[in-house]
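My structure is below; once you've seen it, I'll send some questions.
The values are calculated or read from the model by the stated rules, or taken from the named source; none is laboratory data. Note that the coordinates shown come from a computational prediction; the quantities given were computed from them, not determined experimentally. Quick reminder, even Gly has a Cβ in these numbers, built from the backbone with ideal geometry, and neighbours come from all protein chains shown. Quick note on the areas: whole protein, heavy atoms, side chains included, nothing else; ligands and nucleic acids left out. Shrake-Rupley method; radii C 1.70, N 1.55, O 1.52, S 1.80 Å.
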Amino acid sequence: MTDRLRSPGTMIATLIVLTFLYAPLMIVVLFSFHSSGGLSLPFEGFSLRWYEDVLLKDEFRAAALNSLIVAVATSVTTLLVGMLASIGLSKVRGRARPVLGALFFVPLTLPGLFIGLSLLVWFSRIGLPPSLATVTLAHVVYVFPYFILILMAVLTRLDPTLEETAADLGANPWQVFQRVTLPQIWPIMLAASCLTFALSFDEFIITFFVIGSDSTLPMYIWSQLRRTVNPGINVISTLLLAITMILWAVAFIALLRSERRRRASVPEAGKGVIA
Amino acid sequence: MSLIRLQDVRQQYGEVRALDGVSLDVEEGEFLTLLGPSGCGKTTLLRVIAGFIRPTEGSVVIDGADVTGAPAHRRPVNMVFQRPTLFPHLDVAGNIAFGLKLESRRPSKGEIAERVAEALALVRLEGYERRRAHELSGGQMQRVALARALVKRPKVLLLDEPLSALDLKIRLGMEVELRRVHRETGATFVYVTHDQREALALSDRIAVFDSGRIIQLDAPDLVYRRPADPFVARFVGDANVLSVEVRSGAVALGGGSVAVAELDGPCWLVVRPETIALGAAGAGIRGEVVDVAFRGTGTAYRLRIEGLEEHLKVEVPGSDPPRSIGDAVSVVVDPVNCLLLRRS
């Protein structure tokens, strides 16, 4: 492996790909701090003026608040419904499980356009006027499979003997969940909720279909782009990037921690002799 | 009245009959072992007693109360599982206190700490309260699991092959511990194992299982000396079970004979390897050595005997003269050490 990386051809190809991936991001971040309004090189110096400019705009604040409301509502709803669904699903045995699981996961493969359009039709059919509520509902539909997928991966690996042990020690089903299952899966639920929050926070296509007169951050960026290329857009994009990256980092650390703890505490099944 | 009374318990999984009409009384304070090969139904029965499985038919009475339909958390029994399943998010004290905090009359903090310390002392892990599961060895984990079950002062402690995941040296030490804990607590132990040596060493009584039924229920020495059928004889202590014909009070064997009186006709002759003696080749039953295994305390031989399909297993003390493969020997079987079972 190392030898191949050292060959000049491979190295150049790797560099090109990495540049292609990260340069646009870097440029957006860099120019959000640009002292002049220019969107092209040369870079003339650092300034926070565009941050000040954007953060003081009422439209931006309203859009950011809407995004926050939708993302919180989406992730909390998904957390509650998704937790019940995945725990139920993990208890299903036999042939029903893959079928039920597939039904939950399929929306993952649907194009956003399709989800957006079908929900728009559905909401108008049942007489639900477009609002932040419809956006939230649409986002729940969109992020739900991701949540289930992450939680199921963990739940199916939980040791059922631990729950039996708790029941044997006198815990009723609710106490088993509260005292044994929940402490084991909360880091995963935190991680999954961070991801659903991030997915909802910068979702555009579906939102575009089902939103009414309100605006969310991605909608706001898009509306700004339609007029002029405003340096403030770099600022909003950078903020979005920062929030999303922080959420992913929290999710990743939470996952890592729970995995380490799980490995350390219960001997693997079928490992045979434990010294 | 017995502490546990199982009556005609049946358990059916689709086509598979895991328990085929088991009736069993467990007396207060006894150490009862359910012994059998894997898949014989012994663990299923333990789980029926614990309340994890509701039997298809039959009844379970514990301490005078019919608990057949009661869930696990409402039964006065506690279980130690095959693998040491400590709650990963709690330390040792938290694990042991888990059941205490769920009692309807929840003990005070001080009382909980006291009983946790007491339980740890019982399994000889004083001062381990603040340890986490990953800081313990497998044997220590299993001792914590034992303390966690015992701290509830259960009427019955159920143990599902608790030593099978441990390596041999720790296992032998844990056997001593289990006997001591049983003596000190006076609790009733129902123990599941497939290891006949463990069963003989630990139990007051052994119930030998096969195909979902109890084949024999007796004290260890009786199970060993008076097996009820060829299966028990082969499973416990690896006896010679020979298919023979008894004619006028004797069994013809390899040119000699063994005088037996009780039965007549087709029989199983059960002889323990260590009750057979070897002599120099000559009169009596003649055999030829086909396999030698040094066992430390003695030597195990396999002999070919004329007219016998299987090899005869013999174990002689270390003081016996050594023999090698191909040697001709004479075999001395004392009728006192023989058991005849009717063969149909």
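Looking at (1) of a type outside the set (D, E, K, R); (2) over 24 Å from residue A:161 (Cα atoms); (3) in contact with a Pro (Cβ under 9 Å, 6 or more places away or on another chain), which one does residue B:89 not meet, given that it meets all the others?
It is condition (2) that residue B:89 fails.
Taking segment B:323-344 only, how many residues are of a type outside the set (A, V, I, L, M), within 31 Å of the chain's Cα centre (by Cα) and open to solvent by 60 Å² or more (accessible area, probe 1.4 Å)?
The total comes to 4.
Does residue A:148 satisfy being assigned to a helix (DSSP H, G or I) and open to solvent by less than 20 Å² (accessible area, probe 1.4 Å)? Break it down into steps so the answer makes sense when it comes.
On the way: assigned to a helix (DSSP H, G or I): yes; open to solvent by less than 20 Å² (accessible area, probe 1.4 Å): yes.
Here the answer is yes, as residue A:148 does meet what is asked.
Give A:175, A:184 a once-over and let me know the one that is within 14 Å of another protein chain (Cβ to nearest Cβ), free of Cβ contacts under 8 Å to residues at least 12 places away in the same chain and assigned to a helix (DSSP H, G or I).
A:175 is the lone residue from the list that is within 14 Å of another protein chain (Cβ to nearest Cβ), free of Cβ contacts under 8 Å to residues at least 12 places away in the same chain and assigned to a helix (DSSP H, G or I).
Go through segment A:84-118 and count every residue that is in contact with a Phe, Trp or Tyr (Cβ under 9 Å, 6 or more places away or on another chain) and within 11 Å of residue A:152 (Cβ to Cβ).
Matching residues across segment A:84-118 total 5.
Need the failing condition index for residue B:164 against (1) touching a residue at least 60 places away in the same chain (Cβ under 8 Å); (2) more than 9 Å from chain A (Cβ to nearest Cβ); (3) small (Gly, Ala, Ser); (4) in a helix (DSSP H, G or I), just the number.
Here residue B:164 meets the rest and fails (4).
Residues are listed down the side, and each one gets a yes or a no for (1) within 14 Å of chain B (Cβ to nearest Cβ); (2) modelled with pLDDT under 75; (3) assigned to a loop (DSSP other than H, G, I, E, B):
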residue	(1), (2), (3)
A:234	no, no, no
A:242	no, no, no
A:245	no, no, no
A:248	no, no, no
A:251	no, no, no
A:258	yes, yes, no
A:264	yes, yes, no
A:269	yes, yes, yes
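Further question on the same structure: Looking only at segment B:65-99, which residues are out of contact with any Leu (no Cβ under 7 Å at 6 or more places or on another chain), facing chain A (nearest Cβ under 9 Å), under 26 Å from residue B:136 (Cα atoms) and touching a residue at least 24 places away in the same chain (Cβ under 8 Å)?
Within segment B:65-99, B:81, B:82, B:83, B:84, B:86, B:88 meet the criteria.
Right, here's the next one. Quick one: how many residues across segment A:153-168 are surrounded by 19 or more Cβ atoms within 10 Å (Cβ to Cβ) and either in contact with a strand residue (DSSP E or B) (Cβ under 7 Å, 6 or more places away or on another chain) or farther than 30 Å from residue B:74 by Cα (or both)?
Within segment A:153-168, residues that are surrounded by 19 or more Cβ atoms within 10 Å (Cβ to Cβ) and either in contact with a strand residue (DSSP E or B) (Cβ under 7 Å, 6 or more places away or on another chain) or farther than 30 Å from residue B:74 by Cα (or both) number 1.
Still on this structure: Going through segment B:178-195 one residue at a time, which ones are open to solvent by less than 30 Å² (accessible area, probe 1.4 Å), out of contact with any Gly (no Cβ under 9 Å at 6 or more places or on another chain) and assigned to a helix (DSSP H, G or I)?
Answer for segment B:178-195, where residues must be open to solvent by less than 30 Å² (accessible area, probe 1.4 Å), out of contact with any Gly (no Cβ under 9 Å at 6 or more places or on another chain) and assigned to a helix (DSSP H, G or I): B:178, B:180, B:181.
Another question about this same structure. Quick one: is residue B:218 open to solvent by 10 Å² or more (accessible area, probe 1.4 Å), without any contact (Cβ under 8 Å) to a residue 60 or more places away in the chain and closer than 20 Å to residue B:45 by Cα? Before you say what the answer is, go through the steps one by one.
Numbers: open to solvent by 10 Å² or more (accessible area, probe 1.4 Å): yes; without any contact (Cβ under 8 Å) to a residue 60 or more places away in the chain: yes; closer than 20 Å to residue B:45 by Cα: yes.
Yes.
Another question, if that's okay. Name, by its number, the condition in (1) at the interface with another protein chain (Cβ under 9 Å from one of its Cβ atoms); (2) modelled with pLDDT under 90; (3) at positive phi that does not hold for residue B:51.
Against the list (1) at the interface with another protein chain (Cβ under 9 Å from one of its Cβ atoms); (2) modelled with pLDDT under 90; (3) at positive phi, residue B:51 comes up short only on (2).
While we're looking at this one, here's another question. Can you name every residue in segment B:100-120 that is over 18 Å from residue B:140 (Cβ atoms) and either of a type in the set (D, E, K, R) or within 7 Å of chain A (Cβ to nearest Cβ) (or both)?
Of everything in segment B:100-120, those that are over 18 Å from residue B:140 (Cβ atoms) and either of a type in the set (D, E, K, R) or within 7 Å of chain A (Cβ to nearest Cβ) (or both) turn out to be B:101, B:102, B:103, B:105, B:106, B:109, B:111, B:114, B:115.
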